[in-house]
DNA sequence: CATATGTATATACAGTTGTATATTCATATG
DNA sequence: CATATGAATATACAACTGTATATACATATG
């Protein structure tokens, strides 16, 4: 049954193609909740009912998009981190890698950023899962950094969480801005991260009784 | 023409009542884009066309909601700040005041948090406006603190921005969680803010060449 | 009282939506 | 070739949408 790549009607359609159609519609700053099943099907070039072959409904498609966005984003950041160990401008290159995902042709990151606090619980759960992956990887990185530099970090888990949330918040802000105006926002984000890391180290020295 | 408070049909309806109807619908974690004009009208107890007496469309209603949410939130925070000057647990009480807005009967803050990165540009512009108000007030507070404590702050505008974005991000996360599980999130947020402030002060001491 | 004005409603219409059902087509297997 | 199977489509339907138009009502003013 392999010969289905070709020239005529009734082609097999992959779920990925349906997802791509949805992303295409989302590119003009719409949120998933404004997409209709029929509209997505139309864009994908399939009949409305064919949609059901791939997803139970639009919500299920959305969760798949969020997962995909998270996976590919994590991969990109991990690559950026591997190129240099976390110190000096590793922060910058990670932030740049993150932001550069806003410019890719398939704007999956936009979905992730936009559905963070929207829609059914399943969406937010899915996004939260991705954020947690990030936090964990970042916390490990911070712990590794402790050993390397000798500077202890106060509550590395929290520092990682703060950085993650901040980067995503700034990413969402950057997504609303034309590509060539993002430079300053990257710089700002880098400085903010530095503040957090510096502060976490400073608090570690001062002692832990600063929470009241 | 004052006698319209009363017992029978064809009552005058205020725009506020229409807004309240929308908020009521939004309380079950729906985003504005899922509301229809007819549904809002139905909830407000008016005929569909009466909606147009108050707003051009649902988008205009939404912007009004965002503005209102921002105004009332700023007021609450300002009150919290006035009760104590910004130091020690002024941070905590501000964060608590912020989070407590999640529990009010009319959940306007939810709208603000949920429409941050959704919908038409007008929404995001409206939310951005509110965030900027916050940042400005907070930056002024940080500058005042500089004079009081003698500790300089590195890039107070950026520190204010970082804190603001972080608080809103944590607020959005807290909004998705039952009321009695928010305590820990408040604590986390307070510590994160402390990291930023501490870091900004520490960077001010170390010098400014840490941005590359 | 007459009537103008602002406010709310009723009816109607065309467009879209999600999905149930029946059908067509393409392929793989007997 | 016959035919079973899976994939895509066509048709249909009721529900809902935004809004245009016409109408009813309440109040204020003459």
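A short reminder: the numbers here are calculations on the coordinates, not readings from a lab. Here the structure is a predicted model, which means the values were calculated and not measured. Counting neighbours? That spans all protein chains shown, and the Cβs are built from the backbone with ideal geometry, glycine included.
Structural remarks
- Between copies, the label points of residue A:179, set 7 Å from Cα on the Cα→Cβ line, lie 4.9 nm apart, reported in increasing order to one decimal in nanometres.
- Cα→Cβ-extended label distance, 7 Å offset, between residue B:12 and residue A:57, nm: 4.2
- Each of B:117, B:28 was scored by other Cβ atoms within 10 Å of its Cβ. Listed from fewest to most, they are B:28, B:117.
- Between identical copies, the spacing of residue A:78 label points, each set 7 Å from Cα toward the C-beta atom, reads 4.9 nm from nearest to farthest.
- Every Cα-Cα pair in the protein assembly as shown was counted, and those over 32 Å apart are 42% of them.
- With a Förster radius of 41 Å applied to the C-beta separation of residue A:50 and residue B:84, the computed FRET efficiency comes to 0.10.
- Shown for A:196, A:46: other C-beta atoms within 10 Å of each C-beta, ranked fewest to most, produce the order A:46, A:196.
- The three principal axes of the C-alpha atoms in the stretch B:43-114 carry coordinate ranges of 53, 19, 18 Å, sorted with the longest axis first.
- With label points defined 7 Å past Cα in the direction of Cβ, position residue A:11 shows copy-to-copy spacings of 5.9 nm, given to one decimal and shortest first.
- Rg and Dmax over the alpha-carbon atoms of chain A stand at 20.4, 72 Å.
- Measuring from each Cβ of chain A to the axis carrying A onto B, the nearest residue and its distance in whole Å come out as A:199, 1.
- Taking B:92, A:194 and counting other C-beta atoms within 10 Å, the order from fewest to most: B:92, A:194
- Calculated mean residue ellipticity at 222 nm for chain A: -21500 deg cm²/dmol, from DSSP H runs with n ≥ 4 weighted as -39500 (n - 2.57), summed, divided by the residue count and rounded to 500.
- Solution diffusion estimate, µm²/s, Stokes-Einstein, the stretch A:88-199, Kirkwood Rh from C-alpha pairs, 20 °C, viscosity 1.002 mPa s: 145
- Its relative contact order, with pairs defined as Cα atoms under 8 Å and 6+ residues apart, puts chain B at 18 percent.
- Between residue A:205 and residue A:100, the simple label model (points 7 Å from Cα in the Cβ direction) yields a spacing of 3.4 nm.
- Degrees, to the nearest 10: B:15-26 long Cα axis against longest axis of chain B: 70
- Degrees, to the nearest 10: B:90-100 long Cα axis against longest axis of chain B: 20
- Annotation for the stretch B:27-84 versus the stretch A:135-197: alpha-carbon center distance of 34 Å.
- Using a Förster distance of 30 Å, the FRET efficiency for residue B:146-residue A:28 (Cβ separation, nearest 0.05): 0.10
- Relative to the dominant Cα principal axis of chain A, helix A:183-206 is inclined by about 40°.
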